[in-house]
Structures are given as C-alpha cells and as structure tokens.
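K.L.:
Pasting a structure below so you can have a look.
The values are calculated or read from the model by the stated rules, or taken from the named source; none is laboratory data. Every value quoted in this text rests on a predicted model; they were computed, and no experiment measured them. All Cβ positions, even for glycine, are placed from backbone atoms using ideal geometry, and neighbour counts span all protein chains on display. For the accessible areas, the whole protein counts, side chains as well, though only heavy atoms, and no ligand, DNA or RNA atoms are used. Shrake-Rupley method; radii C 1.70, N 1.55, O 1.52, S 1.80 Å.
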Amino acid sequence: MPSNEQRRAAAKRKLERQLARRAERARRRKQLTIAGSALGVVVVVAAGVGIYFLTRGDDNSTKSADSSTTTSADASLSNTPKAAPPPAAKPKAATVSCTYRDGGQAAKPVHKPDKTQVSTSGSPKVSIDSTRGPIGITLNPAESPCTVNSFESLIAQHFYDKTSCHRLSTEGLQMLQCGDPMGNGQGGPGYMFDNEYPTDQIAKGDTEAAQNPVLYKRGVIAMANAGPDRTTGQGTNGSQFFLMFGDSPLPPQYTIFGTIDQAGLATLDKVAKAGDDHSMDSSAGGGKPNLPITFNSVTVS
C-alpha cells in the first residue's frame, strides 16, 4: 500500500501534468485566435453577404453566417504551432445525400446544385485559365463529395469566370483566396452547406480535437467558412476557397476537396513572390495581391 508521501508525490505529478496540458491548450488558442491573438485567419465569403474566416474574429461580428468581419495572418511560419496532417478519411458510401440551404444574396445569378444524391467515385479535373498562368486541380469526391458537387455546379454555371482572387497571405497562412465574383470578399452563391473532410473525422462533442491544428499542406484546395451558424449549428460554406501554396496549421474546420498540380503551384508561387499590399485593417492579415490574378475561365472534365 502506498505511503502518504508516495500518494502526495503521485498527486503532485498528476497536478503538474494537468497544468502542463492547460498551458499547452492556452498556447494553441493564443496561436490560433487571430483577431485577439497570434496566428492568422483567412477571410472568405459567407453565403453571399457575409465573410468566411479560417478562424473567427471578435464575437460581435461572427454571430451568424451573414456577419462581416476581417481576420489576421500576421504570425510568421516560425511562430506557428507544430501540426500533423489530418487523419486519413474513413470510406464513404458509393452515393451520399447532400443538403444545400438558402443563404444570402447570390453575387451572380446561379442556383443550388441540381444533384443532391452524389457519387463518391471519380477524380474530376478542373482547369483554370488565369491571367498569371494555368492552375489545374484534381477534385476528391471520395473525401468531400458534396463540396465537389457544389464546385462543379458553380463551374458549369460560369460562376467563377472573370473573377479575381482578392486576398493573398504569405505569413502564417500561405494561401491565395478566390471565389468571389465581387472581388471584395463579400460575394457568394446564395446558398450554404456543411463541412466535410477533415471535420467529419472528429467525434461529435470533441471540442479539443476540433480546435487542435492539423497541417493544411502545400497544394491543397480548401473551403473557408465562418464556423457553425450560432443559431442552427449548421455549416457556412459557400463559393470562396483558398489555394494553399505553403504548409499552414489550422483547426480541422475547413473542407479539403482537391489538390493543385505543379503548373498551378508555379502560378501561385509567382503571385505569392510579388507579395500583397497589406490593405487589410489592423485586425486582418495580408491584402490584395501586388500581382493581380483573374480567372479568365474555369472548366471541369
């Protein structure tokens, strides 16, 4: 039987472990919370009238998907937390049911996807003819079928043609943000839908796993969002997305739905090298690309 001294030592070790875990969680929150802390967020559009973020800004401006707030990307890569890639996706059924909800005013006259029963097979190819060079994307319906279905529908309706990428971040988060026909971070398709991979790999109620950063690797394309709608808890994805040209740690709350080819990465590197105009306000990071980039046309095959 352990002595009183042994029990006290064990209790002390347990307390030290608890304090260390709390300190680590606090450190991660500080690094990931942008408007009030360190690591950057990426602004993206919410359902036509709001702005999607990679991480939330202040509480007053993110009450719903229709809120508008800017975000920050002002931490250097050397200060970003260590992160592992997201877990491998669990296999989905051959066909899944997708739900697209009305939300906001469409920036262009488009409708929600016609298909709601969506296949998880195949690897559709997207070709973006941009003013700075080609960008090829291979979509991944096995992991994010509803996102791929929405993206293909918007492409077929020419939603992305003649649109510019309005935001570049080269510090902390390394991405080019596109998908808004208005070119100012305020435009969307007039509907919203839920997150898929890697969010769907997290057990419901596991708030710690939902906030722990994972590595969004160079070469992925992912949606951005404003987090769950505070009234309904539903997802707030729309039309805007970010093209990752550098590894970036983020909470696993932004749907990865494809990969960028080498020619596309070369195009992104060229835009990134020119930097941005730092036009976002003090609570935001990045700005408009110094080397403007517009999508002449976007096609899928």
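K.L.:
Only residues in the range 175-193 that are under 17 Å from T236 (Cβ atoms) and part of a strand (DSSP E or B) count as the first member; pair them with residues that are open to solvent by less than 10 Å² (accessible area, probe 1.4 Å) and β-branched (V, I, T), Cβ under 8 angstrom, at least 6 apart or cross-chain, and list the lot.
P.N.:
Close Cβ pairs satisfying both conditions: Q177/V42; Q177/V43; Q177/V44; G188/V45; M192/T236; F193/T147.
K.L.:
When you go through P145, P134 one by one, which is the residue that is buried (at least 22 other Cβ atoms within 10 Å of the Cβ) and either out of contact with any strand residue (DSSP E or B) (no Cβ under 8 Å at 6 or more places or on another chain) or on the phi < 0 side of the Ramachandran plot (or both)? Break it down stepwise before answering.
P.N.:
Details: P134 fails: buried (at least 22 other Cβ atoms within 10 Å of the Cβ).
The match here is P145.
K.L.:
Inspect the range 170-187 for any residue being open to solvent by less than 30 Å² (accessible area, probe 1.4 Å) and of a type in the set (S, T, Y) and give the result as yes or no. Can you show your working first?
P.N.:
Initially, the range 170-187 is screened for residues open to solvent by less than 30 Å² (accessible area, probe 1.4 Å), giving 172-173, 175-180, 183, 185, 187.
If we keep only those that are of a type in the set (S, T, Y) as well, we get none.
No: the range 170-187 contains no residue that is open to solvent by less than 30 Å² (accessible area, probe 1.4 Å) and of a type in the set (S, T, Y).
K.L.:
State whether one or more residues within the range 104-119 are open to solvent by 40 Å² or more (accessible area, probe 1.4 Å), out of contact with any Lys or Arg (no Cβ under 9 Å at 6 or more places or on another chain), in a loop (DSSP other than H, G, I, E, B) and modelled with pLDDT under 95. Don't jump to the end; show me each part of the working.
P.N.:
So the first thing to find is which residues in the range 104-119 are open to solvent by 40 Å² or more (accessible area, probe 1.4 Å), and the list is 104-105, 108-109, 111-112, 114-117, 119.
After this cut, where a residue has to be out of contact with any Lys or Arg (no Cβ under 9 Å at 6 or more places or on another chain) as well, the list is 104-105, 108-109, 111, 114-117, 119.
Then drop every residue that is not in a loop (DSSP other than H, G, I, E, B), which leaves 104-105, 108-109, 111, 114-116.
Applying the additional criterion that residues be modelled with pLDDT under 95 yields 104-105.
Yes, the conditions are met somewhere in the range 104-119.
K.L.:
A further question on this structure: If T259 meets every condition in (1) open to solvent by 10 Å² or more (accessible area, probe 1.4 Å); (2) touching a His at 6+ places or on another chain (Cβ under 8 Å); (3) in a strand (DSSP E or B); (4) not hydrophobic (A, V, I, L, M, F, W, C) apart from one, which number is that one?
P.N.:
Going through (1) open to solvent by 10 Å² or more (accessible area, probe 1.4 Å); (2) touching a His at 6+ places or on another chain (Cβ under 8 Å); (3) in a strand (DSSP E or B); (4) not hydrophobic (A, V, I, L, M, F, W, C) one by one, T259 breaks only (2).
K.L.:
Which condition number does S127 fail, the rest of (1) in contact with a Cys (Cβ under 9 Å, 6 or more places away or on another chain); (2) open to solvent by 20 Å² or more (accessible area, probe 1.4 Å) being met?
P.N.:
For S127, the failing item is (1).
K.L.:
Return the total of residues in the range 117-136 being within 21 Å of I293 (Cβ to Cβ) and in contact with an Asp or Glu (Cβ under 7 Å, 6 or more places away or on another chain).
P.N.:
Of all residues in the range 117-136, those within 21 Å of I293 (Cβ to Cβ) come to 125-136.
So of that shortlist, the ones also in contact with an Asp or Glu (Cβ under 7 Å, 6 or more places away or on another chain) come out as 136.
So the count comes out to 1.
K.L.:
In addition: Of the residues N212, N225, which single one is open to solvent by less than 20 Å² (accessible area, probe 1.4 Å) and within 18 Å of P198 (Cα to Cα)?
P.N.:
Values: N212 fails: open to solvent by less than 20 Å² (accessible area, probe 1.4 Å).
One residue alone meets the criteria, N225.
K.L.:
Next question. Is it the case that G287 is over 25 Å from Q211 (Cα atoms), small (G, A, S) and in contact with a His (Cβ under 6 Å, 6 or more places away or on another chain)?
P.N.:
On the way: over 25 Å from Q211 (Cα atoms): yes; small (G, A, S): yes; in contact with a His (Cβ under 6 Å, 6 or more places away or on another chain): yes.
Yes.
K.L.:
Given the structure, is D247 closer than 20 Å to G172 by Cα, under 17 Å from the mean Cα position of the chain (by Cα) and open to solvent by 10 Å² or more (accessible area, probe 1.4 Å)? Let's see the steps before the verdict.
P.N.:
Values: closer than 20 Å to G172 by Cα: yes; under 17 Å from the mean Cα position of the chain (by Cα): yes; open to solvent by 10 Å² or more (accessible area, probe 1.4 Å): yes.
Here the answer is yes, as D247 does meet what is asked.
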